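First comes the structure, then the notes that go with it.
The values are calculated or read from the model by the stated rules, or taken from the named source; none is laboratory data. Values in this document were obtained by computation on a predicted structure and should not be read as measured data. Counting neighbours? That spans all protein chains shown, and the Cβs are built from the backbone with ideal geometry, glycine included. For accessibility, only protein heavy atoms count, side chains too; no ligands or nucleic acids. Shrake-Rupley method; radii C 1.70, N 1.55, O 1.52, S 1.80 Å.
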Amino acid sequence: MNGTVTFYPSGKTIKVKPGTTLLDAARRAGLTIRTRCGGKAACFMCKVSVREGSELLPIADQERNKLAGMEERHMRLACQARVRGTVAVDIPLDPLRAEIERQLARQAEDDELW
């Protein structure tokens, strides 16, 4: 049985084999999740928010130690979290892109005032 991962905000969905990491699934879907350590749970950059009801394999001790309680708020490391079934993941925008989008939104608001 295949797993299915949907990534937000893009809405892109991909089918993967159970046990595939979220990082590998994102790469196969053509999406970028930032990482520096190459998927070794060392940099903490690949943290993502997993939506309620997502079916992942149980969290391993290494990931739990790295997250230090953030897993209770549905945060996981994409390089460590492994698909079991249907999964929905929110990928945060990289900081530069997020800032550009904030500036564009402010500009649009300013344009509406004129």
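Here are a few things to note about the model shown:
- Checked against (1) open to solvent by 40 Å² or more (accessible area, probe 1.4 Å); (2) modelled with pLDDT of 95 or more; (3) assigned to a loop (DSSP other than H, G, I, E, B), residue 19 passes all but a single condition, namely (1).
- Pair list, Cβ under 6 Å, 6 or more apart: the range 78-105 residue of a type in the set (S, T, N, Q), other residue part of a loop (DSSP other than H, G, I, E, B): 80/41; 86/55
- Count - residues of the range 1-13 that are open to solvent by 30 Å² or more (accessible area, probe 1.4 Å) and either more than 15 Å from residue 54 (Cβ to Cβ) or over 12 Å from the mean Cα position of the chain (by Cα) (or both): 8
- Hits in the range 22-40 (condition: in contact with a Phe, Trp or Tyr (Cβ under 7 Å, 6 or more places away or on another chain) and not in a loop (DSSP other than H, G, I, E, B)): 26
- Scanning the range 1-16 for residues that are assigned to a loop (DSSP other than H, G, I, E, B) and over 10 Å from residue 91 (Cα atoms) returns 1, 2, 11.
- The condition (being open to solvent by 40 Å² or more (accessible area, probe 1.4 Å) and either within 16 Å of residue 83 (Cα to Cα) or among the aromatic types (Phe, Trp, Tyr) (or both)) is satisfied by just one residue among 28, 34: 28.
- Long-range neighbours under 9 Å by Cβ, at least six apart or interchain, first residue farther than 21 Å from residue 1 by Cβ within the range 17-37, second part of a helix (DSSP H, G or I) and of a type outside the set (Gly, Ala, Ser): 33/22; 33/23; 33/27; 35/23
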